[in-house]
Amino acid sequence: MPVGVHMADTPRPLPVVRAMIDALDRDLLQIMAKRMALVAEVAAYKRQHGLKIRDAGRERELLRDRHERASELGLPSAEIESIFRLLMRSSRDHQAALRAEVPMDAASYTVAIVGGHGRIGRVMARLFGDLGHRLLLVDTDTTLRAEEAASVADVTVISVPIDVTDAVIRTVGPHVREDALLMDVTSVKEAPMQTMMEVTSASVVGTHPMFGPSVHTVQGQRLVICRGRGDTWADWVAQSFAARGLVITETTAAQHDRAMSVVQVLTHFQTQVQGLTLSRLGLPLAETLPFTSPAYLMELYVAARHFAQDPALYGSIEMRNPRTAEVTSAFGQSVHDVADILARGDQAAFSRLFDDVRTFFGDFTAEALEQSSFLIDRIVERT
């Protein structure tokens, strides 16, 4: 029995017990607030001494200790560990917002964001603003013109829809000072990088945030960086975003677009095919929900989330990637091959195909089982 549990012959009235639980919850919130105040002190110390926000050894030690203490108290240790993982993520985010990894003598720059009122533009504005930089936001509803902002800014960020990125770069790029930086946040990289290199003599960096504007925190989210011209500014971009808690992946524009043909094009394409197939089968979605499994529900959430968003964004990502035709052709061939095996009822061929794909995934299957089980548990908790 968990320590501190009261077991009487006659249970106390439910309203009384619930009031006691509410009081304890309020105490927990007060304790969490005190904990966050101490985190602020940690952030100040780390900034003063040039320490990184994340201390993996400290986190492992903390989780091991809390796991053991939970078991001693008769509490579900896995769930308690999850709670503390969330607390640590929140703590890292708070430290990043307090500029724990920003050097005390770091320069403050003027950052112009073209498309600053858009969804990703607002994310960029928040990130650069948190780092202490002065912002110039330009959009279709501002009186400030992009050329004017670019001419006075130290950093100009192009954050506009893919379809107009090239035109905007050609308009804005020539106004960026030679000692300044021109960067973009587009989901494809080869074409925008080439255009930026052509139209300006300033430093050039291509970036791609691998997350959407709806994420609760940028802690641990990935940002891809492609160097174009000027290592000093490229280093500054990497260090700035890392200081805000993002994980930086550096690559070339060509390697980026090759990876995105799988990470984005294939992923979005298969989700669209799945959604289209569901809509054509004649079985109303509501009729499937009483029979849903956690795995099906997770797939359904991903598909419905996809179709709840802007088709112009997904269409541009898929149509502008130079390897889209290769991906969709391979997908079509795979659909044909699997359908043929099923139609023939060939279990031996099915098993061979299954084993071949499992070999491709290799050791990642073990991690996938663990992580997907965690996600499924969280989904079940909220349904």
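The values are calculated or read from the model by the stated rules, or taken from the named source; none is laboratory data. Values in this document were obtained by computation on a predicted structure and should not be read as measured data. Quick reminder, even Gly has a Cβ in these numbers, built from the backbone with ideal geometry, and neighbours come from all protein chains shown.
Output yes when any residue across region 285-303 is in contact with a His (Cβ under 6 Å, 6 or more places away or on another chain) and polar (S, T, N, Q), and no when none is. Before the answer, list the steps.
We begin by selecting, within region 285-303, every residue in contact with a His (Cβ under 6 Å, 6 or more places away or on another chain); these are none.
No, region 285-303 contains no residue that is in contact with a His (Cβ under 6 Å, 6 or more places away or on another chain) and polar (S, T, N, Q).
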Q | Criterion (assigned to a helix (DSSP H, G or I) and of a type in the set (Phe, Trp, Tyr)) met by exactly one of Phe211, Phe128 | A | Phe128
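Among the residues that make up region 131-145, is at least one of them in contact (Cβ under 8 Å) with a residue 40 or more places away in the chain, farther than 17 Å from Met197 by Cα and not in a helix (DSSP H, G or I)? Outline the logic, then answer.
Taking region 131-145 and keeping what is in contact (Cβ under 8 Å) with a residue 40 or more places away in the chain, we get 131.
Those still in the list that are farther than 17 Å from Met197 by Cα too: 131.
The next check asks that each one be not in a helix (DSSP H, G or I); those that pass are 131.
Yes, region 131-145 has at least one match.
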Q. Hey, does region 114-122 have a residue that's within 30 Å of His94 (Cβ to Cβ), touching a residue at least 40 places away in the same chain (Cβ under 8 Å) and touching a Leu at 6+ places or on another chain (Cβ under 7 Å)?
A. yes
Q. Is it the case that some residue within region 368-382 is touching a Lys or Arg at 6+ places or on another chain (Cβ under 7 Å), of a type in the set (S, T, N, Q) and closer than 27 Å to Ser82 by Cβ?
A. no
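I'm trying to understand the selection: among the residues of region 214-237, which are assigned to a helix (DSSP H, G or I) and either modelled with pLDDT under 95 or surrounded by fewer than 19 Cβ atoms within 10 Å (Cβ to Cβ) (or both)?
Narrowing region 214-237 to residues assigned to a helix (DSSP H, G or I): 231-237.
Result: Asp231, Thr232, Asp235.
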**Q.** Residue satisfying condition, being under 19 Å from the mean Cα position of the chain (by Cα) and at negative phi, within set Ile83, Ile120, Ile113
**A.** Ile120
(Q) Any residue at all in region 27-34 that's in contact (Cβ under 8 Å) with a residue 12 or more places away in the chain and in a helix (DSSP H, G or I)? (A) yes
**Q.** Pair list, Cβ under 6 Å, 6 or more apart: region 297-322 residue more than 14 Å from Thr267 (Cβ to Cβ), other residue outside any helix (DSSP H, G or I)
**A.** Arg320/Val188
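For region 74-89, indicate whether the set of residues that are in contact with a Ser or Thr (Cβ under 8 Å, 6 or more places away or on another chain), at pLDDT below 95 and farther than 30 Å from Arg145 by Cα is non-empty.
Filtering region 74-89 for residues in contact with a Ser or Thr (Cβ under 8 Å, 6 or more places away or on another chain) gives 77, 89.
Remaining after also requiring at pLDDT below 95: 77, 89.
Filter once more, keeping what is farther than 30 Å from Arg145 by Cα: 77, 89.
For region 74-89, residues in contact with a Ser or Thr (Cβ under 8 Å, 6 or more places away or on another chain), at pLDDT below 95 and farther than 30 Å from Arg145 by Cα: present.
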